[in-house]
């Protein structure tokens with residue numbers, strides 16, 4: 001395996017305003033492109049020397065050391081998209097977003113690939129087989145209408161069983177074709193709950209995990225159930241449920257105390273760990289709802305590096321990435337990724353940022 005190293009200075013004008021060519025939107029899973037999950041491309045960016053290395057994800061163990069800790073999000077993806085009919089017969093798509101207390105949900109209404117903002121409180125949507133979604137109250141508004149609703153979902157049997165038969169993965173316009181729920185699952189999931197796949201972990205295979213462990217790199221889990229990603233550019237992420245166990249908190253603290261690096265697999269892991277870290281950098285066990293938003297104004301305290309996908313202009317995740325890697329390195333990374341034809345979105349390539 002050969003890797004290309006880029007060390008000359010780069011820089012794009014306006015990290016949050018670059019244009020993403022449509023050709024760089026990954027439209028099908030890697031397997032449909034004739035490669036394995038772990039064969040997607042990976043750009044490794046190192047903050048200490050500002051170097052960039054072009055490689056593939058299968059080489060991840062080469063860039064980590066004994067004593068490092070990889071933290072993964074083991075939340076599984078729901079078949080969260082349902083066809084729906086309004087009382088007057090208009091067809092919509094309902095995206096289940098986040099499960100709330102009292103078995104309520106936040107849901108997004110979609111039509112023709114865009115948010116449908118004209119629902120009304122008390123409206124009952126039929127979603128097939130006698131199941132209904134009842135809009136109760138606005139949860140998040142934007143512009144002229146309601147983007148997310150608090151809703152009650154009534155199904156004739158267990159919701160998970162209903163979704164397995166009648167639901168499908170949430171899919172946006174850049175994806176070509178319909179893919180089974182397995183295409184949207186990471187190999188290490190333990191419980192369903194995410195509206196959309198925590199996609200930074202998609203390239204992992206059992207073989208990569210085995211090689212990490214054999215090298216002495218630890219792997220520890222958290223849970224963060226992701227909501228829908230179809231937000232406007234100016235909107236921060238909505239509250240999401242998370243759980244960081246006492247065991248994972250201990251392993252993070254122990255790794256850092258002994259000089260190891262904590263590498264978060266995805267923005268969801270950063271958000272969860274940074275919710276339960278104190279001002280001294282000690283991570284505590286915790287669970288509940290996080291509203292933490294990481295940016296250069298709120299530096300990271302619990303993680304040293306992260307693996308993530310490539311994010312669109314104006315995405316709030318870019319501010320988090322700047323907090324981890326610094327603006328200069330992130331700008332250089334994005335310029336290199338655009339120049340080298342890296343692929344964006346959940347079926348695309350990945351970006352490893354190390355201290």
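Read-outs throughout are calculated quantities, based only on the coordinates presented, and are distinct from any laboratory measurement. What you are looking at is a predicted structure, and each value in this text was computed from that prediction instead of being measured. For neighbour counting, all protein chains shown are included, and Cβ atoms are generated from backbone atoms with ideal geometry for every residue, glycine included.
Quick notes
- Gain on full extension, evaluated as 0.36 nm per residue between residue 83 and residue 246 minus their Cα-Cα distance, stands at 54.7 nm.
- Using a simple spin-label model with pseudo-atoms 7 Å out from Cα toward Cβ, residue 141 and residue 123 lie 1.5 nm apart.
- Once C-alpha pairs closer than 8 Å and six or more residues apart are averaged by separation and normalised to the residue number of the stretch 171-247, the relative contact order reads 27 percent.
- Remark: spin-label model distance residue 258-residue 161 equals 4.6 nm, labels positioned 7 Å along the Cα→Cβ axis.
- Highest-fluctuation residue, 174, 342, 184 considered, GNM on the chain with Cα pairs under 10 Å: 174
- For the chain, modelled as a GNM whose springs connect Cα atoms under 10 angstrom apart, the maximal fluctuation among 305, 157, 76 occurs at 157.
- Relative contact order (%) - criterion: Cα under 8 Å, at least six apart; region: the stretch 81-166: 24
- Relative contact order for the stretch 254-355, counting Cα pairs under 8 Å that sit 6 or more residues apart, in percent: 30
- A simple packing score, the average count of other Cβ atoms within 10 Å per residue, orders the peptides 215-228, 102-115, 258-271 as 258-271, 215-228, 102-115, with the highest score first.
- Extension gain, residue 18 to residue 207, is 64.5 nm, computed as 0.36 nm per intervening residue step minus the present C-alpha separation.
- Gaussian network model of the chain, springs between alpha carbon atoms under 10 Å - residue of 20, 96, 69 with greatest fluctuation: 20
- The gain in end-to-end length when the residue 112 to residue 28 segment is fully stretched comes to 28.2 nm, 0.36 nm per residue minus the alpha carbon separation.
- Label-point separation, residue 284 to residue 102 (7 Å along Cα→Cβ), nm: 2.8
- For the stretch 81-166, the ratio of Cα radius of gyration to the globular rule of thumb 2.2 N^0.38 Å stands at 1.00.
- Degrees between helix 246-257 axis and first principal axis of the chain (Cα, 0 to 90, nearest 10): 30
- Of all DSSP bridge pairs formed entirely within the chain, close to 75 percent run antiparallel.
- For the stretch 92-118 versus the stretch 256-328, the spacing of their alpha-carbon centroids is 27 Å.
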